[in-house]
Amino acid sequence: MTSRITEISVDCADPAALARFWAAALDYVVLDEEPDLVEIGPAGRSDERLLADVRSGPVAPTVFFARVPEDKAVKNRLHLDLSPIDTDRDSEIARLEALGARRTDLAPPDATWVVMLDPEGNEFCVLRSLAPGEFSLG
């Protein structure tokens, strides 16, 4: 028996604003929006195609942003790692900062990644670039 990660849920104060940030960061679109819950994910997947894809192997999950009354209080126990695919790491960091993310000094000085905060203070990392010319297997 096997399970798949199909959704990631994020508690937040402003689901619409945080969903817009992450949709832009991940090249996702808003799939469903209610006042207290917003779902984003890859564009153009029919329910039938998605079900077939999930059954055959891992797929990119959707992300739900749910309004909660409490503020973020401590470091996340789980966070996302992003790998740029069409630019270098520093250019991607600049793009994410323009969208509202903030750089931190939480990574060790010799780290190859940068720890950032989304607009609501959730930690995420930007790893090395996987773009052609920036990364190779050999």
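The values are calculated or read from the model by the stated rules, or taken from the named source; none is laboratory data. What you see is a predicted model; the values in this text were computed from it and never measured. Methodologically, a virtual Cβ is constructed for each residue, glycine included, from the backbone with ideal geometry; neighbour enumeration extends over all protein chains shown.
Of all residues being among the charged types (D, E, K, R) and surrounded by 13 or more Cβ atoms within 10 Å (Cβ to Cβ) in segment 46-96, which is farthest from Pro15 (Cα to Cα)? Just the residue, please. Checking each candidate, the answer is Asp88.
Consider Val115 carefully, then state whether it is surrounded by 16 or more Cβ atoms within 10 Å (Cβ to Cβ), at pLDDT 95 or above and within 30 Å of Ser136 (Cα to Cα). Criteria met by Val115. The criterion of at least 2 residues that are assigned by TED's automatic domain parsing to the domain that holds Arg4, in contact (Cβ under 8 Å) with a residue 24 or more places away in the chain and in contact with a helix residue (DSSP H, G or I) (Cβ under 7 Å, 6 or more places away or on another chain) is met by the following strands (runs of 3 or more DSSP E) wholly inside segment 32-121: 37-41, 62-67. Does Pro15 satisfy being surrounded by fewer than 15 Cβ atoms within 10 Å (Cβ to Cβ) and touching a residue at least 40 places away in the same chain (Cβ under 8 Å)? Answer is no for this residue. Total residues in segment 18-44 satisfying the condition of being modelled with pLDDT under 95 and touching a Leu at 6+ places or on another chain (Cβ under 9 Å): the figure is 3.
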